[in-house]
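*Asks:* One structure, pasted below without further comment.
The values are calculated or read from the model by the stated rules, or taken from the named source; none is laboratory data. Since the structure is predicted, the reported quantities are computational estimates derived from the model, not experimental observations. Using ideal geometry, Cβ is built from the backbone for each residue, glycine included, and neighbour counts are taken over all protein chains shown.
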Amino acid sequence: MEPTRGNNILDLIISNSYDYFHSYDIEKTVMSDHNLIHARANIRNILTRNTTTSGRIDSFHALNFYGRNINWDKVRKELDAIKWENIFSGMEAHEMYEVLSRKCLQICKEHIPLRRWSGRKHQIPRDRRILMKKRANLQRKLKKVAYAVAENAIQHQLHLLEDALAQSHVRQREQEEQRAVENIKVNSKFFYSYAKKRLTSTTSVGPLLKENGELEDGPQEMAEMLQTEYQCLVNLILRNGYRSMYFL
C-alpha cells in the first residue's frame, strides 16, 4: 500500500477480481495534490466492426444515419409498402422482431451510407501521445535514479510535460467548441451533442448552521463541524448497543 495524498490513502481502486490487476504504481503530479494510481490489467479491450470478414453489413451500427444526402422519403416509402400483417401472420414475437430488423436493415443498406472506419483511429491527438510517451520514459528513469540532483532534474522535466499536456487539453476543448459553434446552422444535432457532453453539474456542501444560529461556509470549519456531528452519532449508536456495525 502506498499513500495517494500526502501520507494518507484516500483514493482506491475496487475490483471484484483481484487477479485482473498484475501491477500498479503511484505517481505524483503537479496537476493535483492527489497522486495518480496506475493499475495494469490483464484485460484487453478489442473493438470489432459490425461487419463480417466478407464485408457484409450485419448491424445498423455500421451505417451513418447522420449523413446529409440520405433520401428519407424513399426509406419511408419502401417501409410503408411492406405488408407487415401478412408477413407477421402466425409468427412468435421474437420471430417478428428478427424479420422486422432484417427488412429494415435491408432497406437502410440501400439508402444509408456506411460509416467511415479507419484501421486504427487514435482517440488521443498525436502531439499528446508524444508527450505521454516522453512522460512514461521519464517516469521509468525516475524509478532507477539514485541521486537527488538527477531526481530533481527529472521531476522538473515531468512538471514541464504536465503543463504541456494541460495546454493540449485546453487547445482541444477550444477547437471542439469552435467546431460546434460553426455547425450550429448546418448541423444543430452536433452542437447539442457537444453541449450535452460538456454539461456538468457540481454539488457543494454548506453552508452549515452553527449552534449560535450563524451560517458557516469555510471548508475547514465545516469539516470540523461534520466530524463532531459524526462522532456524536457514532457514540450514541455505540451507547445503545449496536456494536456490530462498521463505520468508515
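*Asks:* Considering every residue within segment 12-21, establish whether at least one is exposed (fewer than 13 other Cβ atoms within 10 Å of the Cβ), at pLDDT below 85 and under 30 Å from ALA164 (Cβ atoms).
*Replies:* Taking every residue of segment 12-21 in turn, at least one turns out to be exposed (fewer than 13 other Cβ atoms within 10 Å of the Cβ), at pLDDT below 85 and under 30 Å from ALA164 (Cβ atoms).
*Asks:* Continuing with the same structure: Just one of ALA150, ALA136 is assigned to a helix (DSSP H, G or I), closer than 22 Å to HIS38 by Cα and among the small types (Gly, Ala, Ser); which is it?
*Replies:* Every option except ALA136 fails the conditions.
*Asks:* Let me ask another. For segment 11-35, name all the residues that are touching a His at 6+ places or on another chain (Cβ under 9 Å) and assigned to a strand (DSSP E or B).
*Replies:* SER23, TYR24, ASP25, ILE26, GLU27
Per-residue answers, yes or no, for (1) on the phi > 0 side of the Ramachandran plot; (2) exposed (fewer than 14 other Cβ atoms within 10 Å of the Cβ); (3) without any contact (Cβ under 8 Å) to a residue 24 or more places away in the chain; (4) not assigned by TED's automatic domain parsing to the domain that holds TYR66:
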{"position": "GLN157", "(1), (2), (3), (4)": "no, no, yes, yes"}
{"position": "GLU162", "(1), (2), (3), (4)": "no, no, no, yes"}
{"position": "ALA166", "(1), (2), (3), (4)": "no, yes, no, yes"}
{"position": "VAL170", "(1), (2), (3), (4)": "no, yes, yes, yes"}
{"position": "VAL181", "(1), (2), (3), (4)": "no, yes, yes, yes"}
{"position": "LYS189", "(1), (2), (3), (4)": "no, yes, no, yes"}
{"position": "TYR192", "(1), (2), (3), (4)": "no, yes, yes, yes"}
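*Asks:* Could you please give the count of residues in segment 84-102 that are loosely packed, with under 12 Cβ neighbours inside 10 Å and assigned to a loop (DSSP other than H, G, I, E, B)?
*Replies:* Looking only at that region, the number is 3.
*Asks:* Right, here's the next one. Give just the number: which of (1) modelled with pLDDT of 70 or more; (2) more than 20 Å from the chain's Cα centre (by Cα); (3) over 19 Å from ALA136 (Cβ atoms) does HIS34 not satisfy?
*Replies:* Result: HIS34 passes all but (2).
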